[in-house]
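Enquirer: For reference, the structure I am asking about is given below.
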Amino acid sequence: MGNKVFISEADEYLFGNGTHYEIYEKLGAHPSEENGKKGMFFAVWAPNAASVHVIGSFNGWNEDVHKMERLKTGIWQLFIPGVGVGELYKYMITTPGGEKLYKADPYANFSELRPGTASRTTDLSAFTWSDDKWTSEISKKDLNKQPIAIYECHIGSWMKHPDGTEDGFYTYRQFADRIVEYLKEMNYNYIELMGIAEHPFDGSWGYQVTGYYAPTARYGEPVDFMYLVNRLHENNIGVILDWVPAHFCPDAHGLARFDGQCIYEDPDPRKGEHPDWGTKIFNLEKNEVKNFLIANALYWIRKFHIDGIRVDAVASMLYLDYGKKDGQWVPNKYGGNENLAAIEFFKHLNSVIHGTYPGFMTVAEESTAWPKITGKLDDDGLGFSFKWNMGWMHDFCEYMKLDPYFRKGAHNMMTFAMSYNEAENYILPLSHDEVVHLKCSMLEKMPGYETDKFANLRAGYTFMFGHAGKKLLFMGQEFGQKREWSEKRELDWGLLAEPLHRGMKDYVAELLRMYNKYPALHEIDNNWGGFDWINADDSDRSTYSFVRKASNGRDNLLFVINFTPMEWKGFKVGVPFSGTYTHILDSADPKFGGMGTGVPDKIKAEPGLCDYKDYSLTFDLPPYAAEVFLFQDPSKKDTMVRSERAPRTLRSASHAEDSDGKETDKSKAVKKKETAKKETTKKEAAKKETTKKESGKKETAKKEITKKKTAKSSTKKSEDNK
């Protein structure tokens with residue numbers, strides 16, 4: 001406490017224009033000091049109210065004591081001396097018709113624990129951060145080239161506290177100590193937290209929000225949430241929040257019909273309501289509403305050091321007719337179904353965020369083919385960092401559920417996503433939505449007996465981690481959770497006592513270690529420079545083989561995956577280069593719960609055309625197995641070795657110089673020898689090219705003769721028919 005808080009004319013002007021990006025410093029409840037007295041400054045936007053009073057635990061909820069002052073823009077303000085942190089309060093709004101509404105503060109930084117609905121005063125300056133190293137480094141990184149492995153997590157159901165209380169929630173601080181240890185063990189570098197903004201109903205999972213500026217009180221106070229983020233950053237783990245600008249719940253204490261009129265939602269139900277969800281839609285044509293949301297995203301960054309937001313239900317915002325029937329929606333001014341206000345909102349949001357915080361991640365959960373979700377703003381894109389690849393997720397899950405006998409008929413479901421991979425910057429999500437509502441857990445989607453299920457899933461996860469795109473996996477699926485997820489109970493941690501589940505967890509940890517270690521798996525995710533199919537068409541055997549390529553040619557990875565229960569003896573796969581291929585990962589390894597394999601540790605590529613490649617590897621491919629090999633591009637290897645050795649004091653003979661900077665005789669001799677060698681190589685290449693051309697001419701002539709014979713034969717047949 002100490003500084004005086006007040007609403008200036010500049011604040012009103014910027015808020016009215018939708019560009020007051022720190023409006024949360026003024027609206028809401030803030031510790032303040034006036035005339036030497038400490039207290040709390042309250043401010044709320046309620047333009048249609050006849051009067052507004054602050055009621056709370058500090059005044060016995062008296063409706064007549066603390067009347068607020070109205071400013072010309074419809075903002076109401078009041079300083080109340082003597083009010084400290086931890087007090088409950090609401091705004092009593094009286095409409096022109098005399099109706100009294102009791103509303104929680106839209107800008108409150110803390111709330112009463114449900115089922116209570118009041119706001120609570122707090123002081124966000126009470127925490128000292130120690131994550132400067134993280135925040136400075138993340139701002140310099142190109143996210144597209146970084147390994148991004150996200151653990152999607154719901155705090156309340158990840159693990160319950162052993163104290164046996166009704167909710168059994170760990171606090172933010174208790175959770176911090178346990179989740180940091182687990183994420184480091186598993187090699188995740190990001191966590192996405194569900195349901196952090198305050199919400200009244202546990203069963204909404206946090207997707208129907210009332211307190212956009214308040215970390216939920218279920219797990220503690222705002223400073224406790226700061227502790228959690230700080231601990232994660234100290235351990236080099238980024239934090240992404242689910243963020244819900246698409247809709248809000250209609251609860252009486254929330255934003256709906258806030259001052260007796262619809263100021264946050266459109267009054268026309270065709271534009272202001274989601275009929276399927278029973279929720280209200282933000283009116284993005286209103287500057288103050290856009291300001292509320294954009295400032296909210298910035299608030300989480302500035303006050304809580306969040307590293308990213310995953311924007312929920314983007315498609316429902318972009319399409320005016322999303323989830324609606326004829327007569328339930330209103331076309332835009334051009335007669336189309338595109339929400340022009342939402343398009344402008346997303347461009348504005350991403351422009352402000354990325355212009356100020358270049359290392360911040362905005363992720364769109366968008367389920368349609370809307371173009372340029374991650375496109376640049378100056379190219380008419382929406383400017384998101386990444387888009388969830390919902391198409392890949394759907395195809396992957398549908399394919400993996402199939403009995404292996406039918407997989408050959410659905411082979412292209414696993415290859416289709418690469419055909420449009422360059423369209424956006426993608427994240428491959430296996431999220432909470434895929435393991436609820438009778439969809440089964442990831443393990444239980446798999447066909448076959450128990451050992452088959454685990455082998456299938458290990459192979460599937462390997463395909464996912466090899467495929468282009470960043471990665472996201474929902475909690476519990478890393479160790480083969482059997483039951484569907486429920487927010488009411490913790491994950492089935494007891495399963496880790498069983499070897500197959502423990503092996504699955506260890507295998508996912510190994511996949512994550514490999515993903516983080518090798519740039520080939522993450523530095524070129526959005527174009528064909530980082531991915532090459534070896535064989536995408538082996539539908540009869542339901543196998544897939546592909547290469548992930550590093551930009552410098554070093555440490556490339558070959559993936560070979562068998563999605564059938566058949567062992568393919570003498571399996572041959574084409575490879576791009578000669579040399580030795582090192583076997584670095586085997587999903588059938590007994591330590592992961594597999595049945596073992598005879599694939600050698602190293603295999604030398606043999607010359608001969610295979611899969612349109614000049615070389616091949618041959619080995620026995622086990623059932624339901626994924627094999628990963630490490631190799632290098634020989635043509636780039638020498639260049640890299642020289643560049644690595646360049647800093648050394650002693651250079652190679654070909655680069656030797658005397659103390660005067662002149663080349664030595666030894667250097668000249670070496671260079672002469674190298675030049676002669678290059679000339680010989682050049683002549684041999686020219687000779688080969690000449691032979692190739694001659695061969696080509698002969699082949700062309702041969703084809704012409706065949707063509708004439710065919711034509712002559714066809715003429716004869718035609719004449720015979722006549």
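The values are calculated or read from the model by the stated rules, or taken from the named source; none is laboratory data. Values in this document were obtained by computation on a predicted structure and should not be read as measured data. Cβ atoms come from the backbone with ideal geometry, glycine included; neighbour counts cover every protein chain shown.
Enquirer: Checking the condition at pLDDT below 95, more than 26 Å from the chain's Cα centre (by Cα) and surrounded by fewer than 20 Cβ atoms within 10 Å (Cβ to Cβ), which residue from Pro250, Pro275, Pro331, Pro267 passes? Quick ask: steps written out before the conclusion?
Expert: Details: Pro250 fails: at pLDDT below 95; Pro331 fails: at pLDDT below 95; Pro267 fails: at pLDDT below 95.
Only one candidate passes the filter, namely Pro275.
Enquirer: Right, next: Hey, Gly195 hits all of (1) of a type in the set (Gly, Ala, Ser); (2) in a loop (DSSP other than H, G, I, E, B); (3) surrounded by fewer than 22 Cβ atoms within 10 Å (Cβ to Cβ) but one; which does it fall short on?
Expert: Unmet for Gly195, out of (1) of a type in the set (Gly, Ala, Ser); (2) in a loop (DSSP other than H, G, I, E, B); (3) surrounded by fewer than 22 Cβ atoms within 10 Å (Cβ to Cβ): (3).
Enquirer: Also, I was wondering about something else. Can you tell me which of (1) buried (at least 22 other Cβ atoms within 10 Å of the Cβ); (2) in contact with an Asp or Glu (Cβ under 7 Å, 6 or more places away or on another chain); (3) farther than 16 Å from Thr462 by Cβ is the one Asp525 doesn't meet?
Expert: The single condition Asp525 does not satisfy is (2).
Enquirer: Restricting to the stretch 577-595, what's the tally of residues that are among the small types (Gly, Ala, Ser) and buried (at least 21 other Cβ atoms within 10 Å of the Cβ)? Give the derivation first.
Expert: Step one: of the stretch 577-595, the residues among the small types (Gly, Ala, Ser) are 578-579, 587-588, 593-594.
Next cut, buried (at least 21 other Cβ atoms within 10 Å of the Cβ) only: 587-588, 593-594.
The total comes to 4.
Enquirer: Out of (1) surrounded by fewer than 21 Cβ atoms within 10 Å (Cβ to Cβ); (2) within 25 Å of Phe577 (Cα to Cα); (3) modelled with pLDDT of 95 or more, what's the single condition that is false for Leu511?
Expert: Only one criterion is unmet by Leu511, namely (1).
Enquirer: Same structure again: Applying the selection to the stretch 596-615, what residues are crowded, with 18+ Cβ neighbours inside 10 Å, part of a strand (DSSP E or B) and either touching a Ser or Thr at 6+ places or on another chain (Cβ under 8 Å) or acidic (Asp, Glu) (or both)?
Expert: Within the stretch 596-615, Ile603, Cys610, Tyr615 qualify.
Enquirer: When Gly476 is evaluated against the numbered criteria (1) in contact with a Phe, Trp or Tyr (Cβ under 7 Å, 6 or more places away or on another chain); (2) assigned to a helix (DSSP H, G or I); (3) buried (at least 16 other Cβ atoms within 10 Å of the Cβ), which criterion, by number, is the only one it fails?
Expert: Among (1) in contact with a Phe, Trp or Tyr (Cβ under 7 Å, 6 or more places away or on another chain); (2) assigned to a helix (DSSP H, G or I); (3) buried (at least 16 other Cβ atoms within 10 Å of the Cβ), Gly476 violates only (2).
Enquirer: What's the number of the only condition in (1) crowded, with 18+ Cβ neighbours inside 10 Å; (2) free of Cβ contacts under 8 Å to residues at least 12 places away in the same chain that Tyr13 fails to meet?
Expert: (1)
Enquirer: Could you look through the stretch 253-288, keep only residues that are free of Cβ contacts under 8 Å to residues at least 40 places away in the same chain and outside any loop (DSSP other than H, G, I, E, B), and pick out the one that is farthest from Ile150 (Cα to Cα)?
Expert: Step by step, filter the stretch 253-288, then rank; the result is Pro269.
Enquirer: The conditions are (1) at pLDDT 95 or above; (2) surrounded by fewer than 19 Cβ atoms within 10 Å (Cβ to Cβ); (3) part of a loop (DSSP other than H, G, I, E, B), and Glu366 fails exactly one of them. Which is it?
Expert: (2) is the only condition that Glu366 fails.
Enquirer: While we're on this one: Identify the residue in the stretch 577-632 that is more than 16 Å from Ala455 (Cα to Cα) and aliphatic (A, V, I, L, M) and, among all such residues, is farthest from the chain's Cα centre (by Cα). First the steps, then the outcome.
Expert: Pass one, the stretch 577-632, residues more than 16 Å from Ala455 (Cα to Cα): 577-584, 598-620, 629-632.
Checking the rest, the ones that are also aliphatic (A, V, I, L, M) come to 584, 599, 603, 605, 609, 617, 630.
Numbers: Ile584: 27, Val599: 34, Ile603: 36, Ala605: 37, Leu609: 39, Leu617: 35, Leu630: 27 Å.
Here the answer is Leu609.
Enquirer: Among the residues of the stretch 541-576, which ones are within 27 Å of the chain's Cα centre (by Cα), buried (at least 22 other Cβ atoms within 10 Å of the Cβ) and among the small types (Gly, Ala, Ser)?
Expert: Ser545
Enquirer: Which one of these is touching a strand residue (DSSP E or B) at 6+ places or on another chain (Cβ under 8 Å) and at pLDDT below 95: Ile138, Ile150? Can you show your working first?
Expert: Numbers: Ile150 fails: at pLDDT below 95.
Sole residue among the options that is touching a strand residue (DSSP E or B) at 6+ places or on another chain (Cβ under 8 Å) and at pLDDT below 95: Ile138.
Enquirer: Let me ask something additional. For the stretch 76-168, give me every one of the strands (runs of 3 or more DSSP E) that falls completely inside it and has 3 or more residues that are under 29 Å from the mean Cα position of the chain (by Cα), in contact (Cβ under 8 Å) with a residue 12 or more places away in the chain and under 27 Å from Ser385 (Cα atoms).
Expert: Details: elements: 88-94, 100-103, 149-153.
So the answer is 149-153.
Enquirer: May I pose another question? Considering only residues that are in a helix (DSSP H, G or I), in contact (Cβ under 8 Å) with a residue 60 or more places away in the chain and surrounded by fewer than 20 Cβ atoms within 10 Å (Cβ to Cβ), which ones fall in the stretch 413-437?
Expert: Initial filter on the stretch 413-437 (in a helix (DSSP H, G or I)): 413, 416-419, 421-423, 432-435.
Now narrow it down to the ones that are in contact (Cβ under 8 Å) with a residue 60 or more places away in the chain: 418, 421-422, 432.
Of everything in the stretch 413-437, those that are in a helix (DSSP H, G or I), in contact (Cβ under 8 Å) with a residue 60 or more places away in the chain and surrounded by fewer than 20 Cβ atoms within 10 Å (Cβ to Cβ) turn out to be Met418, Glu422.
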